[in-house]
Amino acid sequence: MKKFFVITQIIILCSVFAGIKEDIVGSWADRDTFSVKFTRTDFSLIDTISYEGIFAVRKPDTIYKTSEEFVLFKDGFIWTFSEGSDVGMKSRTQGYEYADINLLLAKLDEDFDVEYSKKSKSFTMIGENGKGNIVSFSAELDKTFLPTLVEWTDIFGYKTRISFKKFVFKNPGNIFNPPENIEFIEQ
């Protein structure tokens, strides 16, 4: 009888977490255009550095931009650039997977052991045993499944925290273009 209750608990927990994942996908499917300001803080043994930035989506385009970094997914390409260089990289992507929440969650499940949990007014995603440069992450989502805080630890033990400010659900303007003063080398 005890084994039956344990199996029942596992089935219920799996269905609840699957429901959370389905709710995340459903809520993001209707978010074609939005932007959010964020603060990124990098923690190392030597220093703690913070940057202000913007993250925006106008499906299928996505941009992540700070004074130090620039990442743009547009027209089947990814443009990347780091401050201090006058050259960036341009590479073809495998489609527009970065604008598809189903593919992003599937990629997380592929690269990490991911757990979802529900709190009273928020949700948490925790990823452990990362297979790439990131070994673990945690993400706090509000009741509408928008991120409020994301943290990760890389293979060297350095931590990064991104805290998100107010989301805006309108066209963020003409920001989905690579900087004109940077030479992007195509790989």
Unmet criterion (only one of (1) at pLDDT 85 or above; (2) within 30 Å of Ser117 (Cα to Cα); (3) of a type in the set (Gly, Ala, Ser)) for Ala99: (1)
- request: Kindly provide the set of residues from the range 134-180 that are over 15 Å from Arg58 (Cα atoms) and charged (D, E, K, R), ordered by number.
  value: Glu140, Asp142, Lys143, Glu151, Asp154, Lys159, Arg161, Lys165, Lys166, Glu180
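The rows are residues; the columns are (1) in contact with a Gly (Cβ under 9 Å, 6 or more places away or on another chain); (2) under 27 Å from Thr153 (Cβ atoms); (3) not hydroxyl-bearing (Ser, Thr, Tyr).
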| position | (1), (2), (3) |
| --- | --- |
| Arg31 | no, no, yes |
| Gly53 | no, yes, yes |
| Glu69 | yes, yes, yes |
| Lys74 | no, no, yes |
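Yes or no, residue by residue, for (1) in contact with an Asp or Glu (Cβ under 8 Å, 6 or more places away or on another chain); (2) free of Cβ contacts under 8 Å to residues at least 60 places away in the same chain; (3) surrounded by 15 or more Cβ atoms within 10 Å (Cβ to Cβ); (4) part of a strand (DSSP E or B):
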site: Ser120; (1), (2), (3), (4): no, yes, no, no
site: Gly132; (1), (2), (3), (4): yes, yes, no, no
site: Glu140; (1), (2), (3), (4): no, yes, yes, yes
site: Glu151; (1), (2), (3), (4): no, yes, yes, yes
site: Gly157; (1), (2), (3), (4): no, yes, no, no
site: Ser163; (1), (2), (3), (4): no, no, yes, yes
site: Ile175; (1), (2), (3), (4): no, no, no, no
site: Pro179; (1), (2), (3), (4): no, no, no, no
Residue in the range 54-76 that is surrounded by the most Cβ atoms within 10 Å (Cβ to Cβ), counting only those that are under 11 Å from Pro178 (Cβ atoms) and in contact (Cβ under 8 Å) with a residue 40 or more places away in the chain: Leu72
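The values are calculated or read from the model by the stated rules, or taken from the named source; none is laboratory data. Since the model is a prediction, treat every value here as computed from it, not as a measurement. All Cβ positions, even for glycine, are placed from backbone atoms using ideal geometry, and neighbour counts span all protein chains on display.
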